[in-house]
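Heads up: the structure comes next, in structure tokens.
Where a number appears in this text, it was derived from the coordinates with a stated rule and is not lab data. What you see is a predicted model, and the numbers here were worked out from it, not measured in a lab. Methodologically, a virtual Cβ is constructed for each residue, glycine included, from the backbone with ideal geometry; neighbour enumeration extends over all protein chains shown.
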Amino acid sequence: MKHGIGHAHGKLILIGEHAVVYRQPAIALPFSTVSVTTTITPSDQMTVDCIYHNGLLSEAPGELANLQAVVAACLDFLGRTGDCFHIKIDSSIPQERGMGSSAAVANATVQAIFAYFDTDLSGTLRFDLAQLSETIAHGSPSGLDAKVTVSDRPLYFIKNTETTAFDVKAQAYLVIGDSGESGQTKLAVASLREKKEANPSRINHLIQKLGVLTNQIRQNLATNNLHEMGHGMNLAQDYLAEMGVSNASLDRLVKAANRAGALGAKLTGGGWGGCMIALSQNLETARQVREALADSQASQTWMLAL
Ligand code: PMV
């Protein structure tokens, strides 16, 4: 049977979230432990089967407004407006946890639709279409999620300026803890914008300091300077908290990770819920940190070898 398949994976922002919206650099890592596959098959109506909805795409709830828009944009580009198919989305990426679920779904779906119509898809077009979806989901996305959810290497990224893939030389583990609360990227980004307008010098200073930390951590990754990197992550968490994008659950998990022997810990992604990450020097400490996070009510934990 005619079909089209697309894949993308999760991501973790190591450092630079929020500051990246204001053209400071950020570093993001592909996190392929969690991933999404979209499969397109023939249908006489436009239908979707995913965690939010099983039925007509036109009747999908608000959470799928970005999917509706990206499907329409693909059909428009392909000159296939009015064509119908069935969209099946299988994802293990937790939704609204700062792991890039919306960007990964958009990337996988765009790839699947182009494959279904046997049409080549350039990286630039795929990015533009995924960004369209991200703009609906997040308001003013930097583009980092759309890039890193299809990259197989870590990215150093500056909005509209630079996307450089690099290899990590450091030998360490990241432990990831899910606060169990939905992250609220769109609202957190909007609230920071308001704070920045109300108090430009204070917020601009914090944004700039996060940019400096991103560059420092890029160096630390190249030289395996894990202690300085962990310190940088703790400082980043302090700045993000001062910006008002952390919350009580994330603060609790960050503290628990540091008490259990992490070299540093911070929220990852938009904040106000979602996930945090902690740096551990070896597998034994990583396991202890993981246990401590579970004891501090993390709803899920993962480990990633750098
Ligand atoms: O919550 P996430 O995974 O979508 O990450 C958002 C990262 C921000 O820097 C806060 C926003 C952006 O567009 O880069």
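Observations, loosely collected:
- On the beta carbon distance between Gln95 and Thr161, with R0 = 41 Å, the FRET formula returns roughly 0.85.
- Neighbours of Ser102, meaning other residues whose beta-carbon lies under 12 angstrom from its beta-carbon, give a summed charge of -1 when Lys and Arg score +1 and Asp and Glu score -1.
- Global geometry of region 1-49, whether rounded, prolate or oblate, following the gyration tensor of its Cα atoms and the 1.5 cut on a/c: prolate
- Across the chain, the longest run free of exposed loop sites, meaning trypsin sites (Lys or Arg not before Pro) lying outside DSSP classes H, G, I, E and B with no more than 12 other Cβ atoms within 10 Å, spans 3-168.
- Near Arg290: Cβ cut-off under 13 Å, other residues only, Lys/Arg at +1 and Asp/Glu at -1. The net charge is -3.
- Considering only Ile113, Ala305, Asn215, the residue lying farthest towards the positive end of the dipole of the chain is Asn215, judged by Cα position with unit charges set on Cβ.
- Overall form of region 151-306 per C-alpha gyration tensor (a/c, 1.5; a/b vs b/c): oblate
- Projecting the Cα positions of Thr185, Leu78, Ser102 onto the charge dipole of the chain (unit charges on Cβ atoms of Lys, Arg, Asp and Glu, taken about the Cα centre) puts Thr185 furthest along the positive direction.
- Calculated FRET efficiency, Arg287 to Glu228, Cβ-Cβ distance, R0 = 25 Å: about 0.60 to the nearest 0.05.
- Computed from the C-beta positions of Glu197 and Thr124, the FRET efficiency with R₀ = 35 Å rounds to 0.60.
- In the chain, the calculated helix contribution to ellipticity at 222 nm averages -14000 deg cm²/dmol per residue, counting -39,500 (n - 2.57) for every DSSP H run with n ≥ 4.
- For region 9-20, 3J(HN,Hα) per residue [Karplus equation, 6.51 cos²θ - 1.76 cosθ + 1.60, θ = phi - 60°, Hz, x = Gly/Pro]: 10, x, 8, 10, 7, 6, 6, x, 4, 6, 4, 5
- Ranking of Leu56, Leu213 by count of other Cβ atoms within 10 Å, fewest first: Leu56, Leu213
- Net dipole in debye of the chain [+1 Lys, Arg Cβ; -1 Asp, Glu Cβ; about Cα centre; nearest 20]: 840 debye
- Here the relative contact order of the chain, from alpha carbon pairs under 8 Å that lie six or more residues apart, stands at 22 percent.
- Rh (Kirkwood; distinct C-alpha pairs) - the chain, Å: 19.6 Å
- Quotient of Cα Rg and 2.2 N^0.38 Å for region 59-127, N being how many residues it contains: 1.12
- Ranking of His227, His18, His9, His53 by neighbouring Cβ atoms within 10 Å, starting from the fewest: His227, His53, His9, His18.
- Cα shape, region 126-232, gyration tensor, a/c 1.5 rule: oblate
- Spatially near lysine pairs across the chain, Cα under 20 Å, sequence gap of 8 or more or different chains: 18
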